[in-house]
Amino acid sequence: MDSSQRVRAILSFVQAADAGSFAAAGRTLGISSAAVSKNVAGLERALGVRLMNRTTRTLKLTEEGGAFLRQARVALEALDAAIDTVAAQRVTPSGRVRISTSWAFGREQLMPVLPGLLSRYPALSVEVDFDDKVVDLVRDGYDFAIRGGNIPDSNLVSRPIFRLNVVLVASPDYLARHGVPQTPQELRTHRLIARRFLGGRVAPWAFRAENGSITTFDPADRAVMTLSAPESVVQAACDSVGIAQVGVHLAWEHLLSGALKVVLYPDHQPGSYEMVMQYPHRALMAPRVQATLEYLLEAFAGDKRLHVPLEALGGYVA
């Protein structure tokens, strides 16, 4: 069976399974019921298994037929996606795009680039929900989400935006009053600002030991303030409340202005966090979603705050 025959046979099989009869499948495909039956029989011979049990009135999929039907749908969707991809190049993206993101990233990075997106694609509209909780993209009707942290493996497609490094910082005023810690052990004598995730876990601080191993420090015991919003942690550090672990991208402008200083560099570990865009699947992506994703990825790639090299932090050590 050559490739063209294989495609006709698969189409006949899928239509027959959906319609429940060879006659109905033939009407949909514009061929006779006998031709549909011949195509399905040829497919079964090529595969070496029976896909359908036939009676004069009904068609019933075998177990192998059910498994093949699922895979056949994926293949046909991929063909449709290839056609849509070419067609989409000639069509101006239009419609509404729903995005879920955190408050901090949404305000500081997403909002400034949305006017440019809408200027490039005037037929688009954007709906953004600022929510730090994890959402179900399919159930809640989002086209994609922007999320940061330790991203777990899932059925979602993830497109990386940047490596979300963290750094320990404090204000010059706090350090002048309380001293600059020289070792992680000295943190036990300092006032600390902890970050609590929505699940209730306090983010640990990690350090490289002299033997190269990684040790962790729980700031909760010494925390004078525990906050869930990362931008609030940065503000508390700028207000001289204590030492905090924050994302480099959130601290960068304050380091440049002198409002914050880096401490325990380079012993402090930057973590393994990342910021990503997540969406349900690659196939059959609407042009409005594809255009939005690509525009935002390009815009975020040009945001220098998101891509500060770790070695640059050495210039802002207390």
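Which residue fluctuates most in the GNM of the chain (Cα springs below 10 Å): ALA251, ALA123, ALA23? Per the Cα network of the chain with a 10 Å cutoff, ALA23 tops the list. With a Förster radius of 41 Å applied to the beta-carbon distance between ARG107 and VAL180, the computed FRET efficiency rounds to 0.85. Bridges between two residues of region 1-154, per DSSP, are antiparallel at a rate of about 25%. Length gained on full extension, GLU294 to SER257, computed as 0.36 nm times the residue gap minus the Cα-Cα distance: 10.1 nm. Taking other C-beta atoms within 10 angstrom as a stand-in for reagent exposure, LEU137, LEU118 fall in the order LEU118, LEU137, fewest first. Is the shape of region 172-268 best called rounded, prolate or oblate, per the rule: a/c under 1.5 gives rounded, else a/b larger than b/c gives prolate, else oblate, with a ≥ b ≥ c the square roots of the Cα gyration tensor eigenvalues? It is rounded, given that a/c, with a ≥ b ≥ c, falls under 1.5. At an R0 of 51 angstrom, the distance between the Cβ atoms of ALA301 and THR55 translates into a FRET efficiency of 0.30. The calculated 222 nm mean residue ellipticity attributable to helices in the chain amounts to -12000 deg cm²/dmol, summing -39500 (n - 2.57) over DSSP H runs of n ≥ 4 and dividing by all residues. Bridgeable lysines around LYS304 (alpha carbons under 25 Å apart, same-chain partners fewer than 8 residues away excluded): LYS261.
Taking every alpha-carbon pair under 8 Å whose residues sit at least 6 apart, the chain reaches a relative contact order of 20 percent.
Helix 3-19 sits at what angle to the longest principal axis of the chain, using alpha carbons and giving 0 to 90 degrees rounded to 10? That works out to roughly 90 degrees. Computed from the alpha carbon atoms alone, the convex hull of the chain holds 193 Å³ per residue. If one takes the longest principal axis of the Cα atoms in the chain, at what angle in degrees, from 0 to 90 and to the nearest 10, does the Cα axis of helix 111-120 lie? With rounding to tens, the tilt is 40 degrees.
Taken over the Cα atoms of region 57-160, the convex hull encloses 181 Å³ per residue. Taking ARG57, ARG201, ARG96 in turn, the Gaussian network model of the chain (Cα-Cα springs below 10 Å) assigns the largest fluctuation to ARG57.
Placing unit charges on the Cβ atoms of the charged side chains and taking the dipole of the chain about its Cα centre, the candidate lying farthest along the positive direction among PHE162, ALA123, ILE193 is ALA123.
Between 0 and 90 degrees, the angle of helix 33-47 with respect to the longest Cα principal axis of the chain falls at about 60 degrees. Can you tell which of PRO270, PRO122, PRO287 shows the greatest fluctuation in a Gaussian network model of the chain with Cα springs below 10 Å? Comparing PRO270, PRO122, PRO287 in the GNM, the peak value goes to PRO122. The equivalent ellipsoid of region 3-88 has semi-axes of 22, 15, 12 Å, largest first, where each one is the square root of 5 times an eigenvalue of the Cα gyration tensor. Subtracting the Cα-Cα distance of ASP80 and SER3 from their residue separation scaled by 0.36 nm leaves 26.0 nm.
Read the figures in this text as sums done on the coordinates, not as results from a lab. Keep in mind it's a predicted model, so treat the numbers as computed, not measured. Using ideal geometry, Cβ is built from the backbone for each residue, glycine included, and neighbour counts are taken over all protein chains shown.
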